[in-house]
Amino acid sequence: MLKVTEELMMKNYKIKSGTFELYKQALNDVKEVFEAYDEIREFNQMKVLTALQEERISESHFTNSSGYGYDDIGRDSLDKVYARVFNTESAIVRPHFVNGTHALGCALMGNLRTGDTMVCISGTPYDTLHNVIGISGKENIGSLKEYGVHYKQVDLKDGKFDLDKIKEILLEDKSIKLVHIQRSTGYGWRNSFLVSELGEVIKFIKDIREDVIIFVDNCYGEFIDTIEPTDVGADLVAGSLIKNIGGGISPTGGYIAGKAKYVEQAAYRLTVPGIGGECGSTFGVMRQLYQGLFLAPHVAMEAVKGAVFCSRVMELAGFEVLPKYNEKRSDIIQAIKFNDKEKLIQFCKGIQKGSPIDSFVECEPWAMPGYNDEVIMAAGAFIQGSSIELSADAPIRDPYIAYLQGGLTFDHAKIGVLIALNNII
Ligand SMILES: *Cc1c(COP(=O)(O)O)cnc(C)c1O
């Protein structure tokens, strides 16, 4: 680090010398693990570049449509680009998905019918899906449960898929139509599933029941490996454009990719039966969606490097972290266990203080829509709530775990984490 950089940091953020020592040691320790991520980044950049070239994308794809948006060439071609990236028959990428939950919800609601059962085999799914499924306790909101779709869950065993239970449930309950798997940790304390691990469990399931739809919540997982869940047998994946795959540029939206018949059913839920993905004007955002995808392999790895660094420096500072800096990752999330409400809040406030936007505001825990505990979110982002930008959030519950993710640039992630650590040392 340049002497002037160090001086500027000291001056701007009153970094204590002890914090700086940890910072430097962590930076030194993580160097060795970055090489593998650079190789994945390079491959994925090629993958995206090739997909854009094969679809012959040009300036004319960035034009706007209005009204019904029939034959919006930018929209329809981006679907094809995503299908190439995910190696699937079909994809639907839309600014009309208001967030990742909406995309996941459409995939589930579009493909499940009364009397069907969905089974989640990675334990409790992400908080915002509880309302969609109907396990939040809220009534009369039009959840899957209210439409007569049943829900079952197989918990993880020591952080791994419980194969015996999965087999048992698949053999005994013929109403199971869809298996839901969450790649990322969400607000859990476990490792994200490597795509190779997903491939193994998918094969295991398909050998027992060929007919079930394998659906993977791919949020935070895109471009962290050279393959995606759809390369190893997933029938359907979904995610958010204000996470990895939007590259920090997409202003909003979500995607679903997979087998054509399942993507189509999901599209009928995004709009209405019979219309599906054929309508929907695009508000002039297509250029950003394309450019975001192009940048995504790079940006996702900047975020991973931020997470790796955070893991090491927080571990050096004496906190329990998951994953460790040198463990193989399958998402961009870094969990830090504080066992202390105040430290957790101060850490998040520190991330906020280090943000380019709204650095001067104090974030506080609040009752966010879709979540059942209070949540604190540090997100001083260019795009509201964008968690491919440096952000930290945490449900306020014991044992007070913060989830850090993002950083459009590794340099920013480093500085943000430094300030946050300094806040609690
Ligand atoms: C972010 C996320 C979602 C969707 O959340 P939104 O805030 O609605 O985009 C779903 N599942 C997981 C695992 C996530 O990380």
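The values are calculated or read from the model by the stated rules, or taken from the named source; none is laboratory data. Please read these numbers as outputs of a predicted model, since none were measured by experiment. Cβ placement follows ideal geometry from the backbone for every residue including glycine, while neighbour counts extend to all protein chains displayed.
Things worth noting here:
- Selection of the range 313-369 for residues being acidic (Asp, Glu) and surrounded by 16 or more Cβ atoms within 10 Å (Cβ to Cβ) yields Glu315, Asp331.
- Any hit, the range 135-143, residues being of a type in the set (Ser, Thr, Tyr), crowded, with 18+ Cβ neighbours inside 10 Å, modelled with pLDDT of 95 or more and away from the ligand (no atom under 16 Å from the Cβ): no
- Scanning the range 244-261 for residues that are touching an Asp or Glu at 6+ places or on another chain (Cβ under 6 Å) and more than 21 Å from Ala381 (Cα to Cα) turns up Gly258, Lys259, Ala260.
- Within the range 252-269, if we keep just the residues that are more than 16 Å from the ligand (Cβ to nearest atom) and either among the hydroxyl-bearing types (Ser, Thr, Tyr) or on the phi > 0 side of the Ramachandran plot (or both), the residue that is surrounded by the fewest Cβ atoms within 10 Å (Cβ to Cβ) turns out to be Tyr268.
- The set of residues in the range 80-136 that are β-branched (Val, Ile, Thr) and over 29 Å from Ile169 (Cα atoms) comprises Val81, Val85, Ile92, Val93, Val98.
- Every residue from the range 61-75 that is in contact (Cβ under 8 Å) with a residue 60 or more places away in the chain and either within 16 Å of the ligand (Cβ to nearest atom) or part of a helix (DSSP H, G or I) (or both): His61, Phe62, Gly74, Arg75
- The condition of being within 29 Å of Lys16 (Cβ to Cβ) and at pLDDT below 95 holds for only one of Asp393, Asp411, that being Asp393.
- Within the range 144-190, considering residues that are of a type in the set (Asp, Glu) and at pLDDT 95 or above, the one farthest from the chain's Cα centre (by Cα): Glu172
- Test: residue in the range 395-410 that is β-branched (Val, Ile, Thr), away from the ligand (no atom under 13 Å from the Cβ) and either within 20 Å of Met1 (Cβ to Cβ) or buried (at least 20 other Cβ atoms within 10 Å of the Cβ) (or both): yes
- Residues being closer than 24 Å to Asp162 by Cα and within 16 Å of the ligand (Cβ to nearest atom) - total across the range 100-127: 11
- Some residue of the range 151-168 being outside the structural domain of Ser330 (by TED's automatic domain parsing), among the aromatic types (Phe, Trp, Tyr), surrounded by fewer than 21 Cβ atoms within 10 Å (Cβ to Cβ) and in a strand (DSSP E or B): yes
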